[in-house]
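Before any comments, here is the structure.
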Amino acid sequence: MINVRTLEPGTRVALTDGSTVEIVSNPKDGIWVFARYLSSPRDTSLVGTEEMVFAQDMVEIQTTP
Amino acid sequence: MAIAGKRRYTGGLVDVAAGQISREIFVSDEIYAEELERVFTRAWLFVGHESQIPKPGDYFVSGMGEESVILCRDREDRVHVFLNSCRHRGMKVCRYDEGNTPVFTCPYHGWSYATDGKLVGVPYFREAYHSKLDRSQFGLVEVAQLEIYKGTVWATWDPSAPSFLEYLGEFRRYLDLALDAWDGREGGTEVLGGVQKWLIPCNWKFPAENFSGDSYHNISHRSVDLVGIGPSGSGRRDMRERLIGRRLQICFPDRGHQTGAYVLPNEEPTPPAYQHSPVVSEYFRRCEEQRRERLGAWGRVTGAPGELFPNTALHPRQPRSIAVWHPRGAHRTEVWRWYLVDADAPPEVKDFLRQYYIRYSGPAGLTEQDDMENWNYAHAASRGTIARRHPYSYEQGLGFEVENYEWEGLRIPGTVMDVTDSKSSEHNLRNFYRRWAQFMDANSWDELATWRRRP
Amino acid sequence: MADQREAMAQLFLERDVENFLYHEAELLDERRYEEWLDLLADDVRYWMPMRRNVKLGELEREFTREGQDVNWFDEGKDTLERRVQQILTGVHWAEEPLSRICHMISNVQLLAVTPSVLEPADVTVKSRFLIYRNRVETETDILVGKREDGLRRVDGHWKISRRKVVLDQSVLLSKNLTFFF
Ligand code: FES
Ligand SMILES: [Fe+2]
């Protein structure tokens with residue numbers, strides 16, 4: 001499980017719906033991060049957009065881009 | 001005495017004309033609940049100081065009445081005051097005292113609010129709410145009106161309340177005595193780091209009336225006067241203005257604000273003060289000189305403790321501070337205390353004042369420790385069934401107040417009691433309770449803004 | 001041999017410092033205030049910061065700063081002497097009638113000794129306190145926290161040269177602080 005409080009900007013994270021996002025900034029509330037979609041099988045129009053991403057939606061940190 | 005049922009406070013439990021006030025208004029839980037609604041949701045309350053939140057994202061958690069509020073500066077540099085309670089199930093969204101943050105995120109289910117109060121994060125918005133929740137309706141609850149006055153932040157929950165400046169009326173001149181720099185420049189004060197917070201087992205109106213102008217209780221501070229902690233080495237304050245000036249109690253019957261003040265004679269300079277330190281003494285001598293030049297006759301007025309209705313106390317001179325008496329039930333008060341210094345005073349002056357403030361005020365202050373003891377046991381001994389049958393006496397100086405008071409060419413705004421010879425009066429205390437009773441009786445601000453009805 | 005001598009000296013010093021702290025508490029609880037003042041160096045610093053709730057990672061902001069911010073106490077011997085004088089006036093109503101006070105001191109730890117345990121001139125000692133105050137009839141306060149003291153050897157006796165008091169409260173739950181930590 002990821003402690004989202006510690007995620008640094010630039011980190012890539014896989015989400016439960018199969019999307020990948022890159023951390024833009026971290027408010028360090030341990031619950032949300034601001035992230036940019038790199039890919040999204042669910043909705044391709046999300047790619048490039050920035051959204052708040054919920055901790056429970058994050059599956060794992062991607063070490064190799 | 002039966003509390004239930006509708007009765008008027010004015011002329012009833014609060015009989016200002018006779019100088020008698022029932023103990024019920026201090027010790028009754030029922031009256032307390034009513035006053036939270038009628039006084040604290042309608043009046044303007046002190047929230048904090050702008051210098052506590054200089055940068056976007058800065059916040060300071062404060063209180064209004066019994067409730068926790070967040071004072072913060074949003075990304076666009078606008079200052080807000082929000083109820084510190086999540087719109088989903090009420091969790092306190094910020095349990096820190098201060099800091100800097102881009103969002104206030106609720107720890108319970110994760111709703112997240114931006115620093116402008118907007119609800120920006122709802123977990124499973126798409127899945128659980130089917131994207132249907134109207135997030136724009138669930139931002140943090142914001143105060144109805146907010147005013148920043150010379151760095152101090154004030155707010156009210158009541159959209160129908162008059163503006164803060166109208167609420168102040170002419171009392172503004174006395175608030176300025178606490179907020180203007182010592183040399184008379186507008187504003188120019190800042191708060192020292194660290195807000196004192198402590199609990200006193202008494203009703204909030206005990207300290208409020210004390211600061212309204214209870215100079216009768218000087219006797220209770222005899223122990224500190226004996227040992228001497230004053231800024232010139234003895235007593236507890238510099239008091240020379242008493243020997244040459246007029247000692248006044250000033251109040252505003254239509255507003256409920258009141259304060260003490262000294263007026264110095266026309267031809268005499270302000271007496272020397274802060275003589276324990278040559279640097280500090282010289283600083284204040286220069287400031288006083290410039291103040292007299294800048295303000296003319298008004299520069300002869302020196303502030304003394306006052307109370308801005310309902311629960312903000314001002315100590316404009318020694319030690320310069322603002323206190324808020326937060327109600328915590330009928331029988332408990334949480335005091336928050338901010339201390340003020342001239343922002344551009346030399347470090348040596350600030351440090352001297354800081355040390356003086358600490359040894360004078362607050363729970364460890366040699367002066368105020370005795371106040372807390374008196375308020376505590378005055379309250380405790382008033383709770384009994386027999387005790388409640390006997391009202392307190394507020395008859396000092398009844399009928400001796402003066403409008404249009406003037407001394408050596410200076411007109412003093414407000415209704416004035418000159419206590420130079422009479423030593424003491426309960427004039428200001430009666431004024432505080434007169435206004436309190438009006439708030440308790442009135443159903444709307446139309447009834448309370450009596451000054452608007454004058455031709 | 002030298003090691004053992006040092007270990008013995010360390011033990012002796014620990015007991016010596018503990019005894020000193022207990023003796024100090026005894027003087028306070030027995031209201032021997034003037035004798036207590038004699039235990040303080042003339043240049044003593046007596047500091048009790050206030051505390052804030054701050055985020056993990058910002059803990060440097062938890063305490064108000066000595067010599068800069070408003071603190072519960074931030075003073076020297078002069079003010080402490082005046083506090084004692086005030087109690088002894090008999091008209092300091094916050095301590096008249098006198099409170100019943102009990103200092104429980106524990107967890108005594110030597111943090112630093114200079115120049116050496118064999119010839120200790122200055123020590124830094126940390127301890128825990130539990131102060132019980134009861135006054136008038138049922139009024140009772142319990143204050144718990146840590147102290148960090150600087151002790152200095154003067155003419156064969158310890159003097160307190162520095163005391164930092166860390167109370168484990170943010171809003172002070174007592175109406176006043178008329179006693180010594
Ligand atoms: S109470 Fe705040 S999200 Fe539920
Ligand atoms: Fe007082």
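The values are calculated or read from the model by the stated rules, or taken from the named source; none is laboratory data. Only a predicted model underlies this, so the values are computations on that prediction, with no experimental measurement involved. Every residue, glycine among them, receives a Cβ derived from its backbone with ideal geometry; neighbour counts consider all protein chains shown. When the accessible area is computed, the model is the full protein with side chains, heavy atoms only, and any ligands, DNA or RNA have been set aside. Shrake-Rupley method; radii C 1.70, N 1.55, O 1.52, S 1.80 Å.
Couple of notes before you dig in:
- Which listed residue, of B:R240, B:R247, is on the phi < 0 side of the Ramachandran plot, open to solvent by 10 Å² or more (accessible area, probe 1.4 Å) and either at pLDDT 95 or above or outside the structural domain of B:Y392 (by TED's automatic domain parsing) (or both): B:R247
- Subset of segment A:6-65 [part of a loop (DSSP other than H, G, I, E, B) and among the basic types (K, R)]: A:K28, A:R42
- Where strands (runs of 3 or more DSSP E) sit wholly within segment B:92-204, those with at least 1 residues that are in contact with a helix residue (DSSP H, G or I) (Cβ under 7 Å, 6 or more places away or on another chain), within 16 Å of ligand 1 (Cβ to nearest atom) and not assigned by TED's automatic domain parsing to the domain that holds B:D254 occupy B:119-121.
- At least 1 residues being within 29 Å of B:N218 (Cα to Cα) and among the aliphatic types (A, V, I, L, M) is the threshold, and among the strands (runs of 3 or more DSSP E) wholly inside segment B:397-455 those reaching it are B:410-412, B:415-418.
- Flag for B:T333 being within 16 Å of ligand 2 (Cβ to nearest atom) and β-branched (V, I, T): yes
- When residues in segment B:352-387 are screened for being free of Cβ contacts under 8 Å to residues at least 40 places away in the same chain and either open to solvent by 10 Å² or more (accessible area, probe 1.4 Å) or charged (D, E, K, R) (or both), 8 of them pass.
- Of all residues making up segment C:66-88, the number that are touching a Pro at 6+ places or on another chain (Cβ under 9 Å) and more than 7 Å from chain B (Cβ to nearest Cβ): 1
- Complete set of residues in segment C:89-100 that are within 7 Å of chain B (Cβ to nearest Cβ) and out of contact with any Ser or Thr (no Cβ under 6 Å at 6 or more places or on another chain): C:W93
- Residue that is farthest from the chain's Cα centre (by Cα), among those in segment B:354-381 that are among the hydroxyl-bearing types (S, T, Y) and either within 11 Å of ligand 2 (Cβ to nearest atom) or at the interface with chain C (Cβ under 8 Å from one of its Cβ atoms) (or both): B:Y377
- Residues considered: C:L130, C:L111, C:L151. Of these, the only one that is open to solvent by less than 30 Å² (accessible area, probe 1.4 Å) and away from chain B (no Cβ under 11 Å) is C:L151.
- Residue match in segment B:382-395 (condition: of a type in the set (D, E) and more than 12 Å from every other protein chain (Cβ to nearest Cβ)): yes
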